[in-house]
Structure formats: C-alpha cells, structure tokens
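Since the structure comes first, as structure tokens, the remarks are kept for the end.
The values are calculated or read from the model by the stated rules, or taken from the named source; none is laboratory data. No experiment lies behind these values; they were computed from the predicted model shown. FYI the Cβ positions are ideal-geometry reconstructions off the backbone, even for glycines, and counts take in every protein chain you see. Keep in mind that these areas ignore ligands, DNA and RNA; they rest on the heavy atoms of the full protein, side chains included. Shrake-Rupley method; radii C 1.70, N 1.55, O 1.52, S 1.80 Å.
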Amino acid sequence: MNCPHAAARETAPSGAAVVIDPLVQDLDGETARLRDAGPLARIELLGVPALTVTRHALARQLLVDPRLVKDLDAWGLWQRGEVTHEWPLIGMIDAGRSMFTVDGAEHRRLRTKTSQALTPRRLEEIRPDIEKFTQELLDALAEEGKRCENGVVDLKSVFAQPLPMRVVGMLMGVDETEHPMLMERYRAFFSMLTPQEERMALLAELDVFYTALVRERAARPADDLTSALILAEEGGEPLTEEEVVGNLKAMVAAGHETTIGLILNAVRALLTHPGQLRKVLDGEIPWETVIEETLRWDTPTTHLLMRFATEDIQVGDAVIAKGEGVVISYRAIGRDTEHHGPGADDFDITRPTPIRHMTFGHGPHICPGAALSRVEAGIALPALFARFPGLRAAVADEELRKLPVMTQNDMEAFPVLLHG
Ligand code: STR
C-alpha cells in the first residue's frame, strides 16, 4: 500500500540526530555538523529528541507559521510525562506566562507596552544614562588595570557584564544593590554544571524576588517599565501579577545575558581581525557594521528553545509531526551559506553585500529589545576603543573558554591588556 503521508513521517528528516554537547567548546564544529544535517535536522538535547532549523529561509517561513506555538502543553513528550522538571533545559521553556511563552492575540496584549517602551525614539531618552554607565565602567576598568598584576583585566566581569545589567535594571526599576545577586543567579541558571534541583530552586527564588518588586510598584508606582506594565491598558485587560512577573523575568534574563555576548564577541572579533579594526578606528567602516556582522557571525544566542507543532507541518518532503518540539539554531542560520554566501564562516565587515541576519528572530516574537541592544553596543564599543586604543587580548584566542551553557554563546572571562 502506498501511504505517502506515513512514509514522509518516518523517513524525514532522515539521518542520525546531532547530539548537542552541553559543555561544547567547539561551536564552529557543532555549527558545521548541524548545517550538514540539513535545513531541518534531528537533534538530541540531553537525551531529549527535537528538530532544529538550520537555514535562514526555512526559519523565516516557520517563525510566522501559526501552527508552531510556544505553549509547553502542546509538546508530546511533556504531555506523556517523558520530559519533566528534572530535564536541565526545562527552565528555558517553562518560564511562566509572559510574552515569551504565549502566542496570538494574548501575546500582543502581553507585549505591546514593552515594545512601545523600547522603540528607537524612546531609547534616545535613556542614551545619556547608558553613556554615563559606560564611562563609569571604563573608569572601573582603568582602576582595575592599575591594581592588577601585569595590567591584565577581565573585560567581561568589569565591563561587558555589569553594563547590560545596569541598563535593564534601570529600565525595570531593579535596585543596583540587587544586581550582583541577579547576575550570580543567571550565571547559575544558564550553567549546565548547576545541579537541576538547585536550578529549580533559584528560579523559584527569582520568582519571589520579582513578585515582591511588582507588589511594591503596584503600591507605589515609579517611573519604570515594571510600573507601566502594571497599569491598565487603555480599553484593554490589565496584565495579571503573574503576567507582569513573567515579563519582568523574561526581560531581565534576555536583556542581561544576550548583550554581554554581543559586546564581548564584537571585541573579540575585532582583536582577532586587526586589519578590520584599523578600518573601524580610522572611520572607514561604521560601528553599526561591526555590530551587525558580530550578530550574524557570532550570535549570543546559539539555539532558541522551543516551539511545538499543533498539527503535522509539511516541510519539503519532511514532516514536523504534531507534538514535536522545534528549536531554532541561530548560530547555524547566521552561518548559512545559502543565505550569506560562501564566505559565511568569515568575519568580514568589508563584505560588499548587506548583512541580512536574523539573529533577533522573525515574526511576532521578534526580539523587542533589539534596538536597545544595538544602542548599548553602539555606545559601549566605540567608547571602549576610544578610551583604550591599544586594547588587546591578554591570552591566545584558543584559550578563551566558552561558558558551559547549551543555548547561549558567552565567555567565561575575557582577559585583556588595556594599553597594548
Ligand atoms: C530565562 C529564564 C527566565 O526566567 C525567563 C526566560 C524568558 C526569556 C528567555 C530567557 C528565559 C532565556 C534567554 C532568552 C530569553 C528571551 C531571549 C533570550 C531565550 C527562558 C535569548 O537568548 C534570545
């Protein structure tokens, strides 16, 4: 009997699953394996099977497909109890009700205020604050450089990590005294070396912290986005406490973790491509190009978990079966030769064609903080090189260690010499 539908279901996407290493150091190797496995590849995430999208064109199509949803309850493995809270990546999906986990009209309701607060025009109002934070942290770097043996300082812990935390903290109204606690909890949350029980406990503690903040602002509104999220939408349903907490969690996590990667990866790319750095410092190539090429070539988000098929979705001659989980592998998408050409693996800010990356996603869930991260990096990078024109890496590039994190692309530390 010829049964094309069932046959497609069994045979495609074919090939063995690419096993994603939780402690991966060789991201280029992983990216190449994923790319070779095809546009829609089978992967295994700590024993859990899923599909991942490795091509720009297919991601662009699937990210606007309403049959793929964020709702965890649509996941077959979850429904059947084969994935539980013991799985170390569950926190990337089961993050509470927020704009990150809901689709359709409800998603618009949850997201509108946030996207309105983060438009390029509104961001101009906080540019002076970001510039001030940047200058303060550059002073801290200079101080640290004087204090430390051989003048070696960690660009991550002294500069690239605290800056995004201060910016998102200011926006959301999180007091500076809480920043070290938050940075430490997110470090532990993302690290695959953290025991799962501990990870779940710290997520619960974060929930308690954000809930207290929301209640405080509900009682005494301030001039921050948390207060704005609490206030009723004109003519619409106000967000519930759970929804405000969910949004706050999502925004602090996203605003903090990803921008660190953007800043560090851009500095690293420039220091390992001194000819290109020269062109930037000479004003031949704008910083925006550095930022966009870094986002494409060395994206802060390696894989984004996860969407679920509410029905069978035909993709070429493959089928995403109802209930299957779909990851978007942004790293592979940024290195897609079908979209970026044969030089996709090269960092090249002189490339003649425009950089059309999709690192911030596409469709309704496209990153609402994209403009903010561009403003932050657009201030931080030129200010760093203006202050320390002789900046260079203090260790060989191969010695830089990636954090033991599966979904993000962030360094353990970045030792630099400030004065060459
Ligand atoms: C981390 C844990 C949490 O409390 C809330 C969220 C929701 C937003 C997520 C975040 C997560 C992990 C990092 C994400 C972010 C949205 C953008 C960011 C996925 C699950 C990226 O890396 C693109």
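Annotations for the structure displayed:
- Cross-link partners of residue 70 among lysines (Cα-Cα below 19 Å; sequence separation of 8 or more within a chain): 249, 322
- Across segment 402-417, coupling constants 3J(HN,Hα) worked out from phi with the 6.51/-1.76/1.60 Karplus curve, θ = phi - 60°, read 7, 5, x, 10, 7, 9, 10, 10, 9, 8, 4, 6, 9, x, 10, 9 Hz, and Gly and Pro carry x.
- Between residue 325 and 51, the built amide H atoms are under 5 Å apart, and every one of these is 5 or more places off in sequence or on another chain.
- Converting phi to 3J(HN,Hα) with the Karplus coefficients 6.51, -1.76 and 1.60 and the offset θ = phi - 60°, segment 386-398 yields 5, 6, 10, x, x, 3, 8, 5, 8, 9, 5, 4, 5 Hz in sequence order, with x at every glycine or proline.
- Karplus-derived 3J(HN,Hα) values for segment 155-163, using 6.51 cos²θ - 1.76 cosθ + 1.60 with θ = phi - 60°, are 4, 6, 5, 8, 10, 5, 7, x, 4 Hz; glycine and proline are entered as x.
- Annotation: amide H-H contacts under 5 Å for residue 395 (H modelled 1.01 Å from N, sequence separation of 5 or more, or interchain): none.
- Net charge of Cβ neighbours under 14 Å - reference residue 124; Lys, Arg +1; Asp, Glu -1: 0
- Charge sum, other residues only, whose C-beta stays under 15 Å from residue 350's C-beta, Lys/Arg counted +1 and Asp/Glu -1: -3
- Listed residues 299, 226, 289, most fluctuating in the chain (Gaussian network, C-alpha, under 10 Å): 289
- Computed magnitude of the charge dipole of the chain (debye, nearest 20; Cβ of K, R +1, Cβ of D, E -1): 680 debye
- Once the Cβ-Cβ distance of residue 218 and residue 197 is raised to the sixth power relative to R0 = 25 Å, the FRET efficiency obtained is 0.20.
- Based on Cα contacts under 8 Å between residues 6+ apart, the chain shows a relative contact order of 26 percent.
- Charge sum, other residues only, whose C-beta stays under 14 Å from residue 91's C-beta, Lys/Arg counted +1 and Asp/Glu -1: -3
- Solvent exposure ordering (accessible area, 1.4 Å, most first) of 410, 282: 282, 410
- Look at the dipole of the chain built from charges on Cβ: of 403, 246, 359, the Cα furthest out on the positive end belongs to 359.
- Ranked order, 322, 249 - accessible area, probe 1.4 Å, largest first: 322, 249
- In this calculation the C-beta distance from residue 314 to residue 17 is compared with R0 = 25 Å, giving a FRET efficiency of 0.75.
- Farthest positive-ward along the chain dipole, Cα basis, beta-carbon charges - from 64, 267, 27: 64
- Nearby aspartates and glutamates by direct alpha-carbon distance to residue 279 (threshold 17 angstrom, same-chain neighbours under 8 apart not counted): 288, 292, 293, 346, 348
- Residues whose amide H falls under 5 Å from that of residue 402, counting only those 5 or more places apart or on a different chain, are 412, with hydrogens built in the peptide plane.
- Over the residues of the chain, the helix contribution to mean residue ellipticity at 222 nm works out to -14500 deg cm²/dmol, using -39500 (n - 2.57) for each DSSP H run of at least 4.
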